[in-house]
1. Do we find that residue 89 is surrounded by 13 or more Cβ atoms within 10 Å (Cβ to Cβ) and in contact with a Gly (Cβ under 6 Å, 6 or more places away or on another chain) in this structure?
2. Hey, among 14, 67, 27, which residue is touching a residue at least 40 places away in the same chain (Cβ under 8 Å), farther than 22 Å from residue 106 by Cβ and in a loop (DSSP other than H, G, I, E, B)?
3. Can you tell me how many residues within the range 119-133 are surrounded by 14 or more Cβ atoms within 10 Å (Cβ to Cβ) and under 16 Å from the mean Cα position of the chain (by Cα)?
4. So is residue 18 more than 11 Å from the chain's Cα centre (by Cα), under 30 Å from residue 155 (Cα atoms) and surrounded by fewer than 24 Cβ atoms within 10 Å (Cβ to Cβ) or not?
5. Among (1) more than 24 Å from residue 13 (Cβ to Cβ); (2) touching a helix residue (DSSP H, G or I) at 6+ places or on another chain (Cβ under 6 Å); (3) crowded, with 19+ Cβ neighbours inside 10 Å, there is one condition residue 269 misses while meeting the rest; what is its number?
6. Given the structure, is residue 240 outside the structural domain of residue 37 (by TED's automatic domain parsing) and in a helix (DSSP H, G or I)?
7. Go through the residues of the range 77-88 one by one and say whether even a single one is of a type in the set (Asp, Glu) and within 17 Å of the chain's Cα centre (by Cα).
8. Could you say which residue among 262, 252 is surrounded by fewer than 14 Cβ atoms within 10 Å (Cβ to Cβ) and either not acidic (Asp, Glu) or not in a loop (DSSP other than H, G, I, E, B) (or both)?
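The values are calculated or read from the model by the stated rules, or taken from the named source; none is laboratory data. Just so we're clear, the structure is a prediction, and the values are computed from it rather than from any experiment. Here the Cβ positions follow ideal geometry from the backbone for every residue, glycine too, while neighbour counts run over all protein chains shown.
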Amino acid sequence: MIQDLFRSLNKVLLGKERAVRLLLDALLAGGHVLIEDVPGTGKTSLAKSLAVGLGADFSRVQFTPDLLPGDITGGAIYKANTGDFELRKGPVFTEILLADEINRASPRTQSALLEAMEEKQVSLEGSAHALSPLFMVIATQNPVEFHGVYPLPEAQMDRFLIRFSIGYPSEQTELDILRFKASMLSDSILVPKMVLQMQEEVLKVHVDEALELYIVNLVMATRSHKALRLAASPRAGVSILKMAKANAYLDQRNYVTPEDIQYVLVPSLAHRIFAVESGLGLSEAIVEEIRKSVKIPV
C-alpha cells in the first residue's frame with residue numbers, strides 16, 4: 001500500500017520521483033521535512049496530497065513576519081461572559097502540519113515548533129499536551145537570497161530529518177502540467193494506524209556493523225573539514241541511519257545497503273553543516289565531496 005501511495009503522489013508531482021521518495025522515506029522514519037525551493041514548484045500540493053493519501057488530519061500555517069508563537073501552539077483565551085480562561089489548541093494539534101514559508105516568520109515564532117517537533121508535545125499554561133503519534137511537520141522555505149526571510153537557527157535545522165529541493169520541471173513535465181495531467185489525491189490509501197505500524201517495522205530493518213561504521217566515518221569527516229565552521233552532530237548519524245532503513249523498507253528489503261546510505265546522505269546531512277563561506281548549494285557540494293572521499297565498505 002505504501003507503493004500505491006508512492007505511485008499516486010508521483011501523479012501529483014510530475015517528474016519528481018526522488019522528491020516523493022524522500023518524503024515517504026521521512027514519513028516511514030518518523031521525521032520532519034524541510035523543502036527549500038522557489039514558489040510554485042508544487043511543495044504545498046505535495047504536502048496536502050500526502051495528508052489525503054494517509055487519511056490524516058491536516059493543518060496549514062502561513063508563516064508571516066507578524067505571526068506569533070501562540071498562533072501556532074494556541075493558548076488561554078479569556079471568556080468575558082464567564083470570567084474564566086479557556087484553553088484553545090492551535091493548528092499544531094494535527095497529524096500533518098504544513099508550515100508554509102517558515103523562514104518568513106521571526107526566530108521567536110519559528111522556535112515555537114521546536115518542542116513539538118522534538119517531543120511531540122506542546123506546553124501550554126504550565127501543562128504538557130501530547131500531539132498525535134503520527135505528528136509530522138512539512139515545512140517549506142524560500143531560498144535565503146529572497147527578501148524578507150529569516151534564516152532558521154542551527155538548532156531548529158537539526159530537528160528536520162531531511163531537507164531537499166523539488167526544482168523546476170523538465171520541458172515535457174511542464175507541458176504535462178499545462179495540459180492538466182497532474183491531479184490531486186481525493187481518497188485515502190492508508191490510515192494513520194497503518195503508517196505507525198510501518199514505522200515500527202522500519203526500526204527492525206537490519207544494518208550491518210560495517211555500514212554503521214560507514215555512517216560514523218561520514219559524519220566524523222565533517223568535523224575535520226576545513227571549509228566548515230559547524231560540523232554535524234551525533235543526531236546526523238542517527239538521521240542517516242533512520243532514512244537508510246526507511247529507503248530499504250520502501251524497496252521491500254529488510255536490510256540496508258551502502259546505496260541506501262548514499263541515496264539519503266545529502267538530504268540528511270547537508271542542512272546540519274555550515275560552511276565558513278556562504279553560497280547556494282555549498283553544503284551539498286561539501287557532503288558530496290565527503291561521500292566520494294570516505295571508503296565504502298565491501
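1. So residue 89 passes the test.
2. Just a single option satisfies the conditions, and that option is 14.
3. Adding up the residues that qualify gives 1.
4. yes
5. If we test residue 269 against (1) more than 24 Å from residue 13 (Cβ to Cβ); (2) touching a helix residue (DSSP H, G or I) at 6+ places or on another chain (Cβ under 6 Å); (3) crowded, with 19+ Cβ neighbours inside 10 Å, just (1) comes out false.
6. The answer is yes for residue 240.
7. Within the range 77-88, not a single residue is of a type in the set (Asp, Glu) and within 17 Å of the chain's Cα centre (by Cα).
8. Selected residue: 252, the only one of 262, 252 that is surrounded by fewer than 14 Cβ atoms within 10 Å (Cβ to Cβ) and either not acidic (Asp, Glu) or not in a loop (DSSP other than H, G, I, E, B) (or both).
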